[in-house]
Structure formats: C-alpha cells, structure tokens
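Structure, as structure tokens:
The values are calculated or read from the model by the stated rules, or taken from the named source; none is laboratory data. Keep in mind the model is a prediction, meaning the values are calculated, not measured. Note that each Cβ is placed from the backbone with ideal geometry, even for glycine, and that neighbours are counted across all protein chains shown.
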Amino acid sequence: MNTKRIVCLGLSYKHDNVCVAGRDLNTRQWIRPVFHHNQRCIPFNNCVCNNRKKLELLDVVDVTVTQHCPSGCHNEDYLVAKQNPFVYVGKYSGSLHELIDSPQELWYNGDSSMYGINDRVNTKLADTLYNFSLCFITLDKLTVMVNFEEFKNGKKVRGDFTYNGVKYRFAITDISFLNTYRQKRYGHYHIEGPVYAGISSSEDWNGYRYKLIASIIIPQ
C-alpha cells in the first residue's frame, strides 16, 4: 500500500456513483481512486473524509492506494482501501495555474455525438494513441447550455468552449455544478474566464470514449 497526497480536481457523476480524480501534489501525477476493477468509481457514501466532511473540489486529502489498475487509456486508475479512503489535510491554497496541463488538443478530434462537438473518440483508437484520460485546463470563456435532448430523456447540461482554436461541446458531469444548472431554465449561460475545467475521457460506451467536463472551478 502507498499513500498519495492529492488535490481533488474532479468530482463527477458516474453510474449513480462518483468519479473522483486528483493530482498528486508531490509528483503531479493524476490519480483516479476506484473501488473495484469492474466498478471504476467511488460510492457516494464513501466520498466522505475521515472527519466526516463531504469531499469537495480543491480539498487536499491523503489517499491510500493498494494497486495500480490501468484500463486502456485510463492509466490514472488506482484501487484504494475501502474503509475511510480519504484523510482530510486541508484546502488547496496554491495557484490553480500551477496545476494545469497544456495538451495541444483534447484527444483526437473529428468525431461528434448527436448533441456534442468533438466529444468522442473511438475506444480502440483512444487506447492506441493515448496513455491518459484526465487533464486540467483553463478556458477564456465557457457557455453552459441547458437544453432538452430527446434521447437523454429530458434536460441535459453541456459546456461549449474553444481550446487552442478548436470548438468543443462536452456533457458536464461535475456534481455540484450540474445540480445547480439542472434547476435553471432552458437556455445558454455565459461564464467569462478564467474558468478552470477538469476534462475526462469516459469508459467505453458502445465503442466510444466520450469527453466530459468533470469539474468546473471559477476563481472568486
């Protein structure tokens, strides 16, 4: 077993559970804690720190990992101890800019779902070309789109933005952000930057990995 001190940069919905992601403050390595090889997420009732504090974005926590368990381009996955996996250390007080990545593009572009733009990659292609599924970027502007999507059984929240000259539109899965915007009326909501966003490539779904906005952090 090994203990890693991470800053939480992703808290998103995944199969009615939570996808937690963070950056190791010592190595800058990405860590995605998971409970099982077949259930690559954390149950909601386990997203609580040792002091009973609910895990939040930018929390600094110690995580005890038991095994590296990569899957395809999800090279960041680690099995964690199931009892009290998160030990609260404090709140991140450093510069968010020190945490960002600078990928040229957000994985392979050119394939879009019905409602997205450049929001998916063929799974075999993604797993061949890439060895990462997480990044933390900064945006000049983010447009939050709250729309009715027929095949999603109602209201869907997506983020529309441009990164390195390429337009993207991804589903938003950030739990807190999504809960807020699901209560809003249909429409487009513009957020001026800087906006910090955790971007994730999903598990395989019908032959594709979908690109998601797993966290949105707006400096106060």
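Points to keep in mind about this one:
- Any chance Ser102 is closer than 21 Å to Arg32 by Cβ, outside the structural domain of Pro43 (by TED's automatic domain parsing), of a type outside the set (D, E, K, R) and out of contact with any Leu (no Cβ under 6 Å at 6 or more places or on another chain): yes
- Only strands (runs of 3 or more DSSP E) whose full extent lies in the stretch 74-124 are considered here, and the ones with at least 2 residues that are at pLDDT 95 or above and either farther than 19 Å from Asp160 by Cα or of a type in the set (Val, Ile, Thr) (or both) are 86-91, 120-122.
- Among (1) surrounded by 13 or more Cβ atoms within 10 Å (Cβ to Cβ); (2) touching a strand residue (DSSP E or B) at 6+ places or on another chain (Cβ under 7 Å) - the single one Asp204 does not satisfy: (2)
- Residue in the stretch 153-172 that is modelled with pLDDT under 95, on the phi > 0 side of the Ramachandran plot and either loosely packed, with under 13 Cβ neighbours inside 10 Å or part of a strand (DSSP E or B) (or both) present: yes
- Residue selected from the stretch 80-102 under the condition in contact (Cβ under 8 Å) with a residue 60 or more places away in the chain and of a type in the set (A, V, I, L, M), by the criterion farthest from Phe136 (Cα to Cα): Ala81
- Residue in the stretch 49-60 that is of a type in the set (A, V, I, L, M, F, W, C), modelled with pLDDT under 90 and either closer than 25 Å to Arg120 by Cβ or not assigned by TED's automatic domain parsing to the domain that holds Asp127 (or both) present: yes
- First in the stretch 65-78 and free of Cβ contacts under 8 Å to residues at least 40 places away in the same chain and under 14 Å from Glu203 (Cα atoms), second anywhere and outside any loop (DSSP other than H, G, I, E, B) and of a type in the set (Val, Ile, Thr), Cβ under 8 Å, 6 or more apart: Cys69/Val34
- Of all residues in the stretch 162-175, none satisfies being farther than 22 Å from Arg32 by Cα, free of Cβ contacts under 8 Å to residues at least 40 places away in the same chain and in contact with a strand residue (DSSP E or B) (Cβ under 6 Å, 6 or more places away or on another chain).
- Selection count, the stretch 178-193, where residues are among the hydrophobic types (A, V, I, L, M, F, W, C) and closer than 16 Å to Lys141 by Cβ: 1
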